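For reference, the structure discussed in these notes is given below.
Quick note: the coordinates plus some simple rules give every number you see, no bench work behind them. The structure presented is a predicted model; accordingly, all values stated were derived computationally and were not measured. All Cβ positions, glycine included, derive from the backbone under ideal geometry; neighbour counts span all protein chains shown.
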Amino acid sequence: MTAANTAPSPGAGHGLLEGRTVVVTAAAGTGIGFAAARRCAEEGATVLLSDLHAQRLARCADALAEAIGRAVPRIVCDVRSNDSVVALVDAATAELGRIDVLVNNAGLGGTFDVASASDAQWDGILDVNLSGTFRCLRAALPGMMARQSGVIVNMGSIVAWRAERGQSAYAAAKAGVLALTRCAAIEAAPYGVRINAVVPSLALHAHLEKVSDAAFLQKMVRENEVFGRAAEPFEIGNAVVFLASDYSSYMTGEALSVSCRRA
């Protein structure tokens, strides 16, 4: 048994997504997107990675291919552009034959107080996190609804529920993602399509540590996380796998919290 304050190992896959096709946005790098893509692949899925950054995407897709021993298709996409999103869905459908699971992971953070925020700061965060999720939903749903099957997993955040200073735009966007998840799920349910969200607490990875203040991250862990550590990205990926799999067949419109925060 692993102590709570010691990160566990990812563990072996169990074939939960065998035969499924999965598309993950913002999957290049060291964060939740790549971890979720890898966990889906380890559970047997054919995974297509997408990201805005072409060179980083190529490196990550090659690294995943080496790790799982099979080819990993990749497509550059900017979720701020509807044309780019439609092109992603069309190309992924052509490459994979269909999209069984879409993981809407693309996100953009930023820390600023409301009183000093510019329109550009506010609009930029909402455009990527909320409108980007909407664009991907809108592009992917018709194909899933026509096939009478499919799963969409949106990425929320704990700040949608618990206030943090300087996070008004990000929190508003992520709260919007949860509301979008609930409403879209009702529309999709008659067609056999499920839409849920994962709500991570704090997951540390190299990119976050690079762009964040180390003392602040340590304070967040010390004051909020009862296990005495942040989540590993693959632990969020495990929740994505669960929602993508048949183990969550009676869940739609739900927000699955992955957190050990104090109430």
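Going by neighbour counts of Cβ atoms within 10 Å, the residues Y247, Y191 line up, fewest first, as Y247, Y191. In the chain, taking the dipole from charged Cβ atoms about the Cα centre, the farthest positive-side position among L178, L52, N5 is held by N5. Compactness of the stretch 12-69 is given as radius of gyration and Dmax, 10.6, 32 Å, from Cα positions.
Counting neighbouring beta carbons within 10 Å and listing from fewest to most, the residues F112, F134 come out as F112, F134. Ranked by the mean number of other Cβ atoms within 10 Å of their residues, highest first, the peptides 166-173, 237-244, 33-40 come out as 33-40, 237-244, 166-173.
Debye-formula intensities of the chain, expressed as log10 I(q)/I(0) at q = 0.12 Å⁻¹, are -0.68 (one equal scatterer per alpha-carbon, no solvent). Counting neighbouring beta carbons within 10 Å and listing from fewest to most, the residues T21, T181 come out as T21, T181.
Once you list every other residue whose beta carbon is under 11 Å from the beta carbon of G237, what net charge do they have if Lys and Arg are +1 and Asp and Glu are -1? Neighbourhood net charge equals -2.
Each other residue within a Cβ distance under 14 Å of A120 adds +1 if Lys or Arg and -1 if Asp or Glu, for a net charge of -2. With contributions of -39500 (n - 2.57) from each DSSP H run of at least four residues, the per-residue ellipticity at 222 nm computed over the chain stands at -14000 deg cm²/dmol. Counting Lys and Arg as +1 and Asp and Glu as -1 over every other residue whose Cβ lies under 15 Å from the Cβ of A184, the net charge comes to +2.
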